[in-house]
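For reference, the structure is listed below as structure tokens.
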Amino acid sequence: MIRKVALTGGIATGKSYCLKRFAALGAETIDADVLARQAVERGTPGLAAVVARFGDAVRRADGTLDRAALARTVFADAGARRDLEAIVHPYVFAARETWLSSLAARAAATGASIVAIADIPLLFEAGRPAEFDVVIVVACDPAQQRARVMARDRLTAEEADRRIAVQWPIERKRALADIVIDTSRTFEETDRQVDETWERLRA
């Protein structure tokens with residue numbers, strides 16, 4: 001048996017932290033952000049498509065993607081962002097489906113019960129929550145989220161707001177969640193919520 005779980009939330013709400021703890025507890029995990037980076041690594045068709053769409057300005061001299069340059073473009077232009085998603089998302093979806101299929105095959109062959117957690121930042125925006133048995137939303141206070149984005153990515157308040165605005169408001173995601181993990185307080189409190197959620201998922 002395989003239990004398919006989506007882990008989502010907003011930018012800088014703590015999804016990656018929670019995913020790592022779930023992995024340490026024994027969950028099978030995959031991260032859409034990692035897959036998205038793989039899709040545009042040096043020498044890939046994905047990177048070639050990005051350069052064809054956005055120009056050589058988004059490629060460094062060593063042939064790798066200049067993520068900062070690309071981010072400045074796509075977070076300022078909704079059409080450009082949709083074009084980038086059209087290049088990257090098919091690769092991410094295919095890789096995730098291959099992963100889930102391999103886990104399902106293992107569960108069928110061994111009789112094991114597997115909890116598979118996929119970190120998918122744009123789960124709701126892409127209209128895919130129904131593909132999962134459980135949806136977990138990682139959330140924090142919006143002001144705290146903004147401060148985290150500014151500190152993590154060294155952005156101005158205006159730049160942070162622009163990046164947050166491309167996703168659904170976190171309160172809208174909270175309302176649609178099966179489980180909410182609130183990361184507004186201490187790491188210990190977040191760990192407690194992840195551990196309790198893990199027990200629920202295994203039950």
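Bear in mind these aren't lab numbers, they're just calculated from the coordinates by the rules spelled out. None of the values given here were measured: they were computed from a predicted structure. In this analysis, Cβ positions are derived from the backbone assuming ideal geometry, glycine residues included, and neighbour counts consider all displayed protein chains.
A few notes on this one:
- DSSP bridge orientation in the stretch 2-202 - percent antiparallel, rounded to nearest 5: 5
- For the stretch 45-149: rounded, prolate or oblate by the Cα gyration tensor [a/c cutoff 1.5]: oblate
- Take the Cβ atoms of Thr64 and Thr186, set R0 to 41 Å, and the FRET efficiency comes out at 0.65.
- Taking amide H as placed 1.01 Å from N in the peptide plane, the amide H of Gly9 sits under 5 Å from that of Leu123, Val138, each at least 5 places away or on another chain.
- Gyration tensor verdict on the stretch 110-203 (Cα atoms; rounded if a/c is under 1.5, prolate if a/b is larger than b/c, oblate otherwise): prolate
- Distance between the modelled labels on Arg172 and Thr156, one decimal in nanometres: 2.6 nm (7 Å Cα→Cβ projection).
- For the pair Asp141 and Ala78, the difference between a 0.36 nm per residue extended length and the Cα-Cα distance amounts to 20.1 nm.
- By the rule of a C-alpha distance below 16 Å, with chain neighbours fewer than 8 residues away ignored, the aspartates and glutamates paired with Lys4 are Glu28, Asp31, Glu97, Asp119, Glu131, Asp133, Asp178, Glu199.
- With Cα atoms as the point set, the stretch 139-183 shows a radius of gyration and Dmax of 11.2, 33 Å.
- Calculated from backbone phi, Karplus (6.51, -1.76, 1.60) coupling profile of the stretch 89-103 in Hz, x at Gly/Pro: 4, x, 5, 4, 4, 5, 5, 5, 5, 4, 4, 5, 5, 5, 5
- Percent of Cα pairs in the chain per distance bin of 5 Å, from zero to the largest separation: 1, 7, 14, 18, 18, 17, 12, 8, 4, 1, 0.
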